[in-house]
Amino acid sequence: MATGAEQPRFLRHEGEEFIFVLDGTLDVIVQDTIYPVAAGGMIFFRSTLDHRYANSGDEMVRALWVNTPPTM
C-alpha cells in the first residue's frame, strides 16, 4: 500500500482475515479502534466487523494478506 493511501470506506463481509506486515506500518481500523501493525507484526479479525486500512507512514507497506473464504 502506497504512502498516504487509505481505504475510503468501511468494509464488512463474511469470513476472517489474517495480515502479516512485511515492510512499513499498516493502520488496520476495526470498528472504532486503530491498530498500527508494524513490520514483523500481525493481526487477525473477523471480517464481519467494520474494517478498513490506511498507510499513514512514510514507507510503502507490503503485507501477506489471507482472507477466508477468499474475497476480491
| remark: Other residues with Cβ under 13 Å from the Cβ of Leu22 give, with Lys and Arg +1 and Asp and Glu -1, a net charge of -1
| request: Write out the GluC sites (Glu not before Pro) in segment 1-68 meeting two conditions: DSSP loop, and at most 13 other Cβ atoms within 10 Å of their Cβ. | output: Glu14, Glu59
| field | Given the chain, longest segment not containing exposed loop trypsin sites (Lys or Arg not before Pro) (DSSP; at most 12 other Cβ within 10 Å) | value | 13-72
| Hypothetical label at Asp23: residues of segment 35-72 whose amide nitrogen lies under 14 Å (7 Å Cα-Cβ projection) | 39-40, 58-64
| said: Just checking my list [x] 12.9, 37; [y] 14.0, 44; [z] 11.3, 32 against Rg and Dmax of the Cα atoms in Å computed from this structure; which label fits? | reply: [z]
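Laboratory data are not the source of any read-out in this text; all were calculated from the coordinates shown. Small disclaimer: the values here were computed from a predicted structure and weren't measured. Quick reminder, even Gly has a Cβ in these numbers, built from the backbone with ideal geometry, and neighbours come from all protein chains shown.
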